[in-house]
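This report concerns only the one structure given below.
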Amino acid sequence: MNKGLKIGDDIPEVTLKDQEGHLIDLTSFKGKHSLVVYFYPKDDTPGCTLEACSFRDRYDEFEEAGAKVIGISGDSVGSHSRFASRHGLNFMLLSDINRVAEKEFGVPRNLLGLLPGRVTYVFNKEGKLVSTFSSAVKATRHIKESLKALSTCQ
């Protein structure tokens, strides 16, 4: 198990299904886009919905910075599909039912190890980690911190 990514590390080689059931390889974005990958505990919970809707509402700013946003949780493809549809999400959600990505990224778990952490990783266009932000309770701060990190990638 990865003990956590460090600044300068490459994006892990992980392939997961998105909310439409398509396989998405995270390394396929290298050379094309910066990438904001955020891990969150569960679809349709108050903090996770607030975070997802905040990324949605500021998505234009991420596009202007040349970045794609991807949310990852252990929820199923069907759950992600309903969550994205219900809230008009304009970015990908990846299903990590077997915790493959969580382990590869080294996402810490909260609440006696029962819940995955809320952690955001920002990778530059070359696929190198430039920033991480972890806060279980400051869900909307992940957006601000991601945009700040992206400004250094330009």
Residues satisfying the stated conditions in segment 1-36, i.e. over 16 Å from the mean Cα position of the chain (by Cα) and surrounded by 19 or more Cβ atoms within 10 Å (Cβ to Cβ): none
Only listed residue being more than 21 Å from Phe105 (Cα to Cα), part of a loop (DSSP other than H, G, I, E, B) and among the aliphatic types (A, V, I, L, M), chosen from Leu89, Leu50: Leu89
Residue within segment 74-84 that is in contact with a Ser or Thr (Cβ under 6 Å, 6 or more places away or on another chain) and open to solvent by 50 Å² or more (accessible area, probe 1.4 Å) present: no
Number of positions in segment 37-71 that are touching a Cys at 6+ places or on another chain (Cβ under 8 Å) and open to solvent by 70 Å² or more (accessible area, probe 1.4 Å): 1
Pair list, Cβ < 7 Å and 6+ apart or interchain, from segment 126-150 residues that are closer than 14 Å to Val37 by Cα and at pLDDT 90 or above to residues that are hydroxyl-bearing (Ser, Thr, Tyr) and surrounded by fewer than 17 Cβ atoms within 10 Å (Cβ to Cβ): Gly127/Thr27; Val130/Thr152
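The values are calculated or read from the model by the stated rules, or taken from the named source; none is laboratory data. If you're wondering where the values come from, they're calculated on a predicted model, not measured in any experiment. Note: ideal-geometry Cβ built from the backbone for every residue, glycine included; neighbour counts use all protein chains shown. Just the protein is used for accessible areas: all its heavy atoms, side chains included, with ligands, DNA and RNA removed. Shrake-Rupley method; radii C 1.70, N 1.55, O 1.52, S 1.80 Å.
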